[in-house]
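Asker: The structure is given below, and queries will be raised subsequently.
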Amino acid sequence: MQLLNLKRPIAFFDLETTGVNVASDRIVEIAIVKIMPDGSKECKDKRINPGIPIPLESSLVHGIYDKDVADAPTFKAIGKSLAEFLKDCDLGGYNSNKFDIPLLMEEFLRAEIEFNLEDRNCVDVQNIFHQMEQRTLKAAYQFYCGKELINAHSALADIEATYEVFLAQIDRYKDKEFTDKAGNKSIPVVNDMKALNDFTKVTKNVDLAGRIVYNDKGVEVFNFGKHTGKPVAEVLKAEPSYYAWMQQGDFPLYTKKVLTRIKLKNLNTKE
């Protein structure tokens, strides 16, 4: 199996959480496999006290109960060291673009810890898999690696399997042609993190939750509610109260941060 072609480290990570609501749920465990350009790797697996009760239905999935994290540190307590460990890393995971990265960003913002996504490649192994084969992690592990996934929903077992699947994908699709919905042909699965970032980014999200997206002209537009499809800058100009409503509403902190950036950019442009 070939080494990844890395210009900087890539950190594959997986979260176990109190639930699936990016805006309100919390991390109870994070496991990271950090791959260096020379092929060496460093692993971290940390339990976290979420500060809220873990619902039984979530505990039954990942096996982590309130008593298991009662003495664990909070995210705020470990956030700075975690951000330092991930410094200058690209990010990878399984369904990470849709769930793990948005939820991790919420935790960093909630703890008021600076963590910039803009200059990172984000490679979602699930998106490669679903676009090329369309199955689950357990099936992916069997399909690509010929192994049975033991201890599924253990964060470390899942992310180790995700990393092995990713390496196998690089080998399997090295020269395989892909045809997108528009009929365009390409060989997208290559050993290059920027190319895989572009291939696995299947949405045109401006924020991480998809409340604001780019339209075909590259303009930021709302993707929900009464203003769906309308340019954000135009809505905020015509209806200033909409900004306040979103800032006070149950939206992810990162969505609110993006909304503020667009508002300030529009004000600066006017000036």
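Asker: Name the one entry in L196, L167, L156 that is outside the structural domain of P231 (by TED's automatic domain parsing), of a type outside the set (F, W, Y) and within 19 Å of D119 (Cα to Cα).
Answerer: Checking each option against the conditions leaves just L196.
Asker: Turning to a different aspect of this structure: Yes or no: M246 under 30 Å from D171 (Cβ atoms) and surrounded by 12 or more Cβ atoms within 10 Å (Cβ to Cβ)?
Answerer: The answer is no for M246.
Asker: Follow-up. Scan segment 120-136 residue by residue and report those that are among the polar types (S, T, N, Q) and either touching a helix residue (DSSP H, G or I) at 6+ places or on another chain (Cβ under 7 Å) or outside any helix (DSSP H, G or I) (or both).
Answerer: N121, N127, Q134, T136
Asker: For D119, which of the numbered conditions (1) modelled with pLDDT of 95 or more; (2) closer than 19 Å to M36 by Cα fails to hold?
Answerer: In the conditions (1) modelled with pLDDT of 95 or more; (2) closer than 19 Å to M36 by Cα, D119 misses (1) alone.
Asker: Hey, can you tell me all the residues within segment 181-190 that are of a type outside the set (A, V, I, L, M) and surrounded by 12 or more Cβ atoms within 10 Å (Cβ to Cβ)?
Answerer: S186, P188, listed by residue number.
Asker: Additional query: On the given criteria, is I52 hydrophobic (A, V, I, L, M, F, W, C), farther than 30 Å from A140 by Cα and at pLDDT 95 or above?
Answerer: yes
Asker: What is the residue count in segment 191-230 for residues that are among the acidic types (D, E) and crowded, with 20+ Cβ neighbours inside 10 Å?
Answerer: 2
Asker: Evaluate segment 68-83: report whether one residue or more is closer than 30 Å to D192 by Cβ and touching a residue at least 12 places away in the same chain (Cβ under 8 Å).
Answerer: The answer is yes; a qualifying residue exists.
Asker: Applying the selection to segment 249-259, what residues are free of Cβ contacts under 8 Å to residues at least 24 places away in the same chain and loosely packed, with under 13 Cβ neighbours inside 10 Å?
Answerer: G249
Asker: N223 is checked against (1) modelled with pLDDT of 95 or more; (2) closer than 30 Å to E133 by Cα and fails just one. What number does that condition carry?
Answerer: (1)
The values are calculated or read from the model by the stated rules, or taken from the named source; none is laboratory data. Small disclaimer: the values here were computed from a predicted structure and weren't measured. A quick note on method: Cβ atoms are made from the backbone with ideal geometry, for glycine too, and the neighbour counts reach across all protein chains shown.
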